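Peer 1: Quick one: the structure is below, and I'll ask about it shortly.
The values are calculated or read from the model by the stated rules, or taken from the named source; none is laboratory data. This one's a predicted model, so the numbers in the text were calculated from it and none came from an experiment. Every residue, glycine as well, gets a Cβ built from its backbone with ideal geometry; the counts of neighbours run over all protein chains shown. Accessible surface areas use protein heavy atoms only, side chains included; no ligands, DNA or RNA. Shrake-Rupley method; radii C 1.70, N 1.55, O 1.52, S 1.80 Å.
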Amino acid sequence: MYKVTLIPGDGIGPEVSEAMMKVIHAVGINIQWEKVEAGESVIEKYNTPIPDYVIDSIKKNKIAIKGPITTPVGKGFKSVNVTLRQSLDLYVNLRPIKSFKGIKSRYENIDLVIVRENTEDLYAGIEHKIGDYAAESIKIITKPACERIVDFAFKYAQDNNRKKVTGVHKANIMKLSDGLFLDTFRDISNKYNIKSDDLIVDAAAMNLVLYPENYDVMVMPNLYGDILSDLCSGLVGGLGIIPGANIGKDCAIFEAVHGSAPLIAGKNIANPTALIQSAVMMLRYLEEYEYANKIENALEKVFLKGEKLTVDLGGNSSTTEFTNEIIKYL
Ligand code: NAI
């Protein structure tokens, strides 16, 4: 039996979390959920969007899965997602981008992995206004953070039989900060017997659209990872299907790449695949490969049949109908 912290989140979070739990229960693995709440709705009660009991629960169980949490734009509290990643030192954001047969997309057979640094860069949140006419955000890049994320990417490539690691940066302009990332990337690449190259982030954006097959594992600082993850999800059918894992030395939080999608929240039309796939990543992290494979196979069958797809994938099924279809194939 595993005890897992569950943060349902807000927007479409509770709906996709419910679907994910139904699938997990149907596959038969014994997981006990410790449900905790974070985000705007708890501020009144706890005076913070992340009460201590949430962090304590994750530290105790060492494993969590979360739905998306809304972050106010241009004002309000600091992102709960970023705070969780920083306070638990979840330095890796791992996002596998893989095509499913049956999902309509401009590309086929995409199989690449984004490894995003998760604790610093412009997400350090060091900003200040200079009077009313300017504002500064400070971009922090440190050698230890570069070393551990690049090393993770190469180790991941080695352990998963991947062919190449590409370092993404903007060291032509940010010669010191991204320069440090690039130097570290090149140093660490020499320790591994894996093909590697590096690429400026704007060129990476174009090349990923033109020749996605040229890329395999891609490692990069936080902001580029955020942007290129969404770009890559567009290569395989959209945000509704891409999972993710925030991994640290002591614990891990699994979550979809997508956000809280407020416009479709509460309508029972969100695609729960991304969170279900995040649960599959969690099961593999727990070395429960058989259960993980069963869920992945069921998803493959549902997409191949193509009869019960959600609206984002061109279908007209509800979240519930799609989830029941997965369960039928388990
Ligand atoms: P979003 O990912 O919520 O939505 C972007 C587009 O994708 C929308 O058209 C939405 O309807 C669609 N979409 C996303 N997930 C979907 C799903 N599962 N099924 C079907 N369609 C889906 O990004 P947006 O609108 O930029 O952000 C909304 C809020 O979410 C913001 O407050 C943002 O800060 C937050 N956010 C939270 C994240 C997290 O909790 N890890 C990650 C990204 C954003």
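Peer 1: Asp250 fails exactly one of the following numbered conditions: (1) within 7 Å of the ligand (Cβ to nearest atom); (2) open to solvent by 10 Å² or more (accessible area, probe 1.4 Å); (3) part of a loop (DSSP other than H, G, I, E, B). What is the number of that condition?
Peer 2: So Asp250 meets the others, but not (1).
One line per residue, one yes/no per condition, for (1) of a type outside the set (Gly, Ala, Ser); (2) more than 23 Å from Tyr2 (Cβ to Cβ):
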{"position": "Ala38", "(1), (2)": "no, no"}
{"position": "Val42", "(1), (2)": "yes, yes"}
{"position": "Lys45", "(1), (2)": "yes, yes"}
{"position": "Pro49", "(1), (2)": "yes, yes"}
{"position": "Ile63", "(1), (2)": "yes, no"}
{"position": "Asn93", "(1), (2)": "yes, no"}
{"position": "Phe100", "(1), (2)": "yes, yes"}
{"position": "Lys104", "(1), (2)": "yes, yes"}
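Peer 1: Also, I was wondering about something else. When residues of the range 302-330 are filtered for being of a type in the set (D, E, K, R), surrounded by 15 or more Cβ atoms within 10 Å (Cβ to Cβ) and free of Cβ contacts under 8 Å to residues at least 40 places away in the same chain, how many remain?
Peer 2: We begin by selecting, within the range 302-330, every residue of a type in the set (D, E, K, R); these are 305, 307-308, 312, 321, 325, 328.
Checking which are surrounded by 15 or more Cβ atoms within 10 Å (Cβ to Cβ) leaves us with 308, 312, 321, 325.
Filter once more, keeping what is free of Cβ contacts under 8 Å to residues at least 40 places away in the same chain: 308, 321, 325.
Qualifying residue count for the region: 3.
Peer 1: Also: Quick one: which residue in Asn93, Asn61 is within 15 Å of the ligand (Cβ to nearest atom) and at pLDDT 95 or above?
Peer 2: Numbers: Asn61 fails: within 15 Å of the ligand (Cβ to nearest atom).
None of the others qualify; the one that does is Asn93.
Peer 1: Would you confirm, using the coordinates I've provided, whether Ile173 is closer than 19 Å to Tyr224 by Cβ, in contact (Cβ under 8 Å) with a residue 12 or more places away in the chain and outside the structural domain of Cys251 (by TED's automatic domain parsing)?
Peer 2: Numbers: closer than 19 Å to Tyr224 by Cβ: yes; in contact (Cβ under 8 Å) with a residue 12 or more places away in the chain: no; outside the structural domain of Cys251 (by TED's automatic domain parsing): yes.
Considered against the rule, which asks whether it is closer than 19 Å to Tyr224 by Cβ, in contact (Cβ under 8 Å) with a residue 12 or more places away in the chain and outside the structural domain of Cys251 (by TED's automatic domain parsing), Ile173 comes out as no.
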